[in-house]
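Have a look at the structure below before the remarks.
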Amino acid sequence: MRFSSFRYLIKEGVKNIWLNRLMSLASIGVLSACLLMIGLAYLVSVNISNALGWMERQNVFMAYVEEGADPIEVEQVGRDILSVGNIAECVFISREQAFESVSELLGEYKYLLEEFKEDNDFLPDAYKITVEDLELFDETVYHVQQIDNVSHVRSRRESADLILKIRKLVTNIGMWLFIILFVVALFIIANTVKLTMYVRRLEINIMKSVGATNNFIRLPFIVEGIILGLFSAIFTYGVTWYLYRTLVVSTMEGMVGGLAPYVVKFSDVSHNLLAGFVIAGVVIGCFGGLISIHRYLKDEGGVYNVG
Amino acid sequence: MIEFKGVHLTYNSGTTALVDVNFRVMDGEFVFLVGPSGAGKSSIIKLIMREIVPSAGEVLVNGYNNKKMKKRHIPYLRRTMGIVFQDFRLIPHMTVYDNVAFAMRVTGASGSAIRKRVPYILDLVGLSHKARSLPCQISGGEQQRVGLARALVNNPSMIIADEPTGNIDAQLATDIVDLFDEINRRGTTVLMVTHDTKLVDRHKHRVIELRNGCVVSDTGGDAR
C-alpha cells in the first residue's frame, strides 16, 4: 500500500470518530469504565502479592503463655523456647507492655481499651521469637507449640494464608470481570463502528462499485476502533493514577499502624498498567471494528444495497 | 468483452429472473439494454459486476469467469469497468472534484496521478468550472456528468450505465447520451440500461430487449 493511501485511510478513521462524536465519546466512557475496573482489580492483586511477600519475609512469631501461669513458669517457658534451637532472639513481652504498646498504636482511640484493662485473657504474657533459618520456620513453630504452659502461637503465616485466599478470590473475580467487561466493551465498540458504517454506507457502496478491496474498506473502521481504544487507555491510565494516589495511598498511609509497607508505589506498576491498558484498548477496538465491518461486508455490503 | 452463455438466474426467494440468456458485447460496442420493469435488466448488471452468480450458465466479463473467479479478485474485475447509477450516488459532503478523486483514492492511486487525471476527466465531461461545487449546488444533469466522470476516472475499458437518464429531463438526457457516444468513440465499451425508447431510436446503436427474463430481440451481435 502506498504511503499516501495509508495516510488517507488514517485520516478517514479519525474523520469517522468526529462524524460520530457523541457515540465515540460514549464508547470511550464505557470502555474506560471497563478498563478502570480491570486496572483496579490488577492493583488490588498486586498489593496483596506485595503484602504476602512482605509477610513471608518476616521471620518472627509470638508464643502466648497460659493464663494463670506463675512467674517461675513464665520464665521456664522462655528457657524452653531457647532450647528448641533455630532461635535467634526471644524477647519477653508482659501483658502490661503489650497493653501499653496497643494503646500507643491506637493513639486518641485508646479509650476503646479501657474496658479490657482488667481482662487477663485479652493480652496475655508472651514471647516474641525471631527464628534464624526461615526454611525451618514451621518446624520451630511446631516445637514451641509443644512446650508446657504455651497456650498458642501466632505467626504471620496464618495471616498469609488468609491473604492468599483473598488473593485467589480477587484473581478469580478479576478474571471473570475481565472476561465479562471485555465482551461488553467489544459489543459497545462494535456498535459504534456499526453506526459509523451506517452513516457512511453510500461511500462504502461506491468504494465497492469502483473496485476498492475489502481490506481498503475495512481499514478506516479498524483505525476508528483502535483510536477509540487508545483514547480510552490513556484516559483510564490518568484516572487510575489519580484514584490510586489520592484515595488508596494517602488513606492507607494515614491509617492506624501504617499500612505503607504493603502499599505498592504507583510508579512501580505504572509501566505494566499503561502497557496493559493500551494493549487491551487496542485489541478491543481493533476486534470491535473488525466484527462490525466483517458482518456488514458479508450481509449488506453489495453495490446495490444502499438502504 | 461481455459474454452470457445460457444464463439462468433464480433468486433464493424462488423468483426466476433470467431464463437462458445468451449475448455477447464486443470491445468498443455501444449497446442499449431495454425492457419493462422486472424484465431482468438489473439482474444482468448485478451478474456483470459479480454481485451475484448465475444459477446455471456462464458469465464472462473482461476475461473473468463470474462463477469460477475467486472472491478476492472481484475488486480487480470491477476496476475494469465504471458504473453509472440512475440516482447519481454522489457523496453529499464532498465537492465535485473530491467525488471523482474518491474513486481513484480508494483504488490506491497516488496523489500525483489523482491531481493529473481528475481535472482531465472533469474537462472531458464539461465540469471543470464546477470542480469546487458541492453536489447540491449543481443541476441533475451535471450531477449525472459527475457520476460519469467518476466512472471514467480509473480508465475502465467498459461503462455500465443503469438508467443514467432516468432522473433528468429530456434535453439533458440527450446531452448525457451524446457524452456516452463521445466516450464510446474514444474506444470505451458502453452498456446502457434504459426505458427511454426515444433516446434509443435517436441513437443508432445495438439494442438488446429483455422480457420476463428472456432476450426477445437483439438488433446486432450474434445472439443465439
Being open to solvent by 60 Å² or more (accessible area, probe 1.4 Å) and of a type in the set (Lys, Arg) narrows it down to one residue among A:Arg156, A:Arg201; which is it? A:Arg156
Quick check on this structure: which one of A:Thr171, A:Thr130, A:Thr140 is at pLDDT 80 or above, surrounded by 12 or more Cβ atoms within 10 Å (Cβ to Cβ), in a helix (DSSP H, G or I) and not aliphatic (A, V, I, L, M)? A:Thr140
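So that you can scan it fast, the table gives a plain yes or no per residue for (1) over 21 Å from B:Met49 (Cα atoms); (2) open to solvent by 40 Å² or more (accessible area, probe 1.4 Å); (3) out of contact with any helix residue (DSSP H, G or I) (no Cβ under 7 Å at 6 or more places or on another chain); (4) in contact (Cβ under 8 Å) with a residue 60 or more places away in the chain:
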position: B:Arg132; (1), (2), (3), (4): yes, yes, no, no
position: B:Met158; (1), (2), (3), (4): no, no, yes, yes
position: B:Pro164; (1), (2), (3), (4): no, no, no, yes
position: B:Asp178; (1), (2), (3), (4): yes, yes, yes, no
Looking at B:Arg185, B:Arg150, B:Arg145 in this structure, which one is of a type in the set (Lys, Arg), under 29 Å from B:Val96 (Cβ atoms) and either in contact with a Pro (Cβ under 7 Å, 6 or more places away or on another chain) or free of Cβ contacts under 8 Å to residues at least 12 places away in the same chain (or both)? B:Arg185
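One residue is enough: does region B:96-106 have a residue meeting the conditions aromatic (Phe, Trp, Tyr), buried (at least 17 other Cβ atoms within 10 Å of the Cβ) and part of a helix (DSSP H, G or I)? Write out each step before concluding.
Filtering region B:96-106 down to residues aromatic (Phe, Trp, Tyr) leaves B:97, B:102.
Still in the list and also buried (at least 17 other Cβ atoms within 10 Å of the Cβ): B:97, B:102.
Next, from what is left, pick out any that are part of a helix (DSSP H, G or I): B:97, B:102.
Taking every residue of region B:96-106 in turn, at least one turns out to be aromatic (Phe, Trp, Tyr), buried (at least 17 other Cβ atoms within 10 Å of the Cβ) and part of a helix (DSSP H, G or I).
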Of the conditions (1) within 14 Å of another protein chain (Cβ to nearest Cβ); (2) touching a helix residue (DSSP H, G or I) at 6+ places or on another chain (Cβ under 7 Å), B:Leu127 clears all except one; give me its number. (1)
Return yes when A:Gly85 is at negative phi and either more than 34 Å from the chain's Cα centre (by Cα) or surrounded by fewer than 19 Cβ atoms within 10 Å (Cβ to Cβ) (or both) and no when it is not. no
Residue ID - nearest to A:Gly29 (Cα to Cα), chosen from residues in region A:166-200 that are touching a helix residue (DSSP H, G or I) at 6+ places or on another chain (Cβ under 8 Å) and among the basic types (Lys, Arg): A:Lys194
If you go through region B:31-67 one residue at a time, how many are part of a strand (DSSP E or B) and open to solvent by 10 Å² or more (accessible area, probe 1.4 Å)? 7
Flag for B:Ser43 being among the hydroxyl-bearing types (Ser, Thr, Tyr) and under 18 Å from B:Val193 (Cα atoms): yes
Suppose we filter A:Ser49, A:Ser24 for residues that are more than 14 Å from chain B (Cβ to nearest Cβ), among the hydroxyl-bearing types (Ser, Thr, Tyr) and more than 30 Å from A:Val131 (Cα to Cα); which single one remains? A:Ser24
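Restricting attention to region A:1-10, report how many residues are assigned to a helix (DSSP H, G or I), over 37 Å from the mean Cα position of the chain (by Cα) and either more than 9 Å from every other protein chain (Cβ to nearest Cβ) or without any contact (Cβ under 8 Å) to a residue 40 or more places away in the chain (or both). First the steps, then the outcome.
Initial filter on region A:1-10 (assigned to a helix (DSSP H, G or I)): A:3-10.
Filter again for over 37 Å from the mean Cα position of the chain (by Cα), leaving A:3-9.
Subsequent filtering for residues that are either more than 9 Å from every other protein chain (Cβ to nearest Cβ) or without any contact (Cβ under 8 Å) to a residue 40 or more places away in the chain (or both) retains A:3-4, A:6-9.
Matching residues across region A:1-10 total 6.
Can you find, within region B:74-91, the residue that is nearest to the other protein chains (Cβ to nearest Cβ) among those that are out of contact with any Leu (no Cβ under 7 Å at 6 or more places or on another chain) and surrounded by fewer than 21 Cβ atoms within 10 Å (Cβ to Cβ)? Lay out the reasoning, then the answer.
Here is the first cut: in region B:74-91, the ones out of contact with any Leu (no Cβ under 7 Å at 6 or more places or on another chain) are B:74-81, B:83, B:85-88, B:90.
Still in the running and surrounded by fewer than 21 Cβ atoms within 10 Å (Cβ to Cβ): B:74, B:76-77, B:79-80, B:86-88.
Numbers: B:Ile74: 8, B:Tyr76: 7, B:Leu77: 8, B:Arg79: 4, B:Thr80: 8, B:Gln86: 11, B:Asp87: 8, B:Phe88: 11 Å.
Out of the qualifying residues, it is B:Arg79.
The values are calculated or read from the model by the stated rules, or taken from the named source; none is laboratory data. Every value quoted in this text rests on a predicted model; they were computed, and no experiment measured them. Positions of Cβ are generated from backbone atoms using ideal geometry, with glycine treated the same way; all protein chains shown enter the neighbour counts. In case anyone asks, the SASA skips ligands and DNA or RNA and just uses the protein heavy atoms, side chains included. Shrake-Rupley method; radii C 1.70, N 1.55, O 1.52, S 1.80 Å.
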